[in-house]
1. Looking at ALA82, is it in contact (Cβ under 8 Å) with a residue 40 or more places away in the chain and among the aliphatic types (A, V, I, L, M)?
2. Scan region 56-74 and report the pairs whose first residue is more than 13 Å from LEU16 (Cα to Cα) and of a type in the set (A, V, I, L, M, F, W, C) and whose second residue is modelled with pLDDT of 90 or more and open to solvent by 30 Å² or more (accessible area, probe 1.4 Å), with Cβ atoms within less than 6 Å and a gap of 6+ or a chain change.
3. Applying the selection to region 38-54, what residues are closer than 18 Å to GLY105 by Cα and either among the hydroxyl-bearing types (Ser, Thr, Tyr) or open to solvent by less than 60 Å² (accessible area, probe 1.4 Å) (or both)?
4. Taking the condition of a type in the set (Lys, Arg) and exposed (fewer than 15 other Cβ atoms within 10 Å of the Cβ), does ARG66 pass?
5. Of everything in region 82-104 that's of a type in the set (Val, Ile, Thr) and open to solvent by less than 30 Å² (accessible area, probe 1.4 Å), which residue is farthest from GLY13 (Cα to Cα)?
6. Considering only residues that are crowded, with 16+ Cβ neighbours inside 10 Å and either among the β-branched types (Val, Ile, Thr) or free of Cβ contacts under 8 Å to residues at least 40 places away in the same chain (or both), which ones fall in region 16-29?
Amino acid sequence: MPARFKMKKKGVGQLLRSPEIQAEMLRRADVIKGVAIATSPVYLPAADAGHYKRSWETDSTSRGGRRRDRAVAKVRNTSYYARWVEYGTEKVPAHHVLLRAAQAGGGNQ
């Protein structure tokens, strides 16, 4: 006799908000953060050399996503010029640090 499975939306929602899923999302975010730190550019003559590299953070919540119904983790850089490093300016080329880190470290590592 074949096995039967009936999915319940409430149970799936509980799974998506569970501490285990939240911990896994944070683990993956920490992997991405590690790759971002390793590939962050450092401009040595500047007075605050390495500030961008030291400004990476991760956090997680069980109420994320568009509907606030699942665990999520975020990776961000808190330096005020992080946007310019990532996307570039008219005079400075884009480095795409976070994009490349997410591509390299976002898998099953």
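1. Spelling it out, it is not the case that ALA82 is in contact (Cβ under 8 Å) with a residue 40 or more places away in the chain and among the aliphatic types (A, V, I, L, M).
2. As it stands, the answer is TRP56/LYS33; TRP56/ILE37, since those pairs meet every condition given.
3. THR39, SER40, PRO41, listed by residue number.
4. yes
5. Filtering first and then ranking leaves VAL85.
6. Correct list: ILE21 only.
Matching residues to (1) touching a Gly at 6+ places or on another chain (Cβ under 6 Å); (2) open to solvent by 40 Å² or more (accessible area, probe 1.4 Å); (3) of a type in the set (Lys, Arg):
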position	(1), (2), (3)
LYS6	no, yes, yes
LYS33	no, yes, yes
ALA36	no, no, no
TYR80	no, yes, no
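The values are calculated or read from the model by the stated rules, or taken from the named source; none is laboratory data. None of the values given here were measured: they were computed from a predicted structure. Counting neighbours? That spans all protein chains shown, and the Cβs are built from the backbone with ideal geometry, glycine included. For the accessible areas, the whole protein counts, side chains as well, though only heavy atoms, and no ligand, DNA or RNA atoms are used. Shrake-Rupley method; radii C 1.70, N 1.55, O 1.52, S 1.80 Å.
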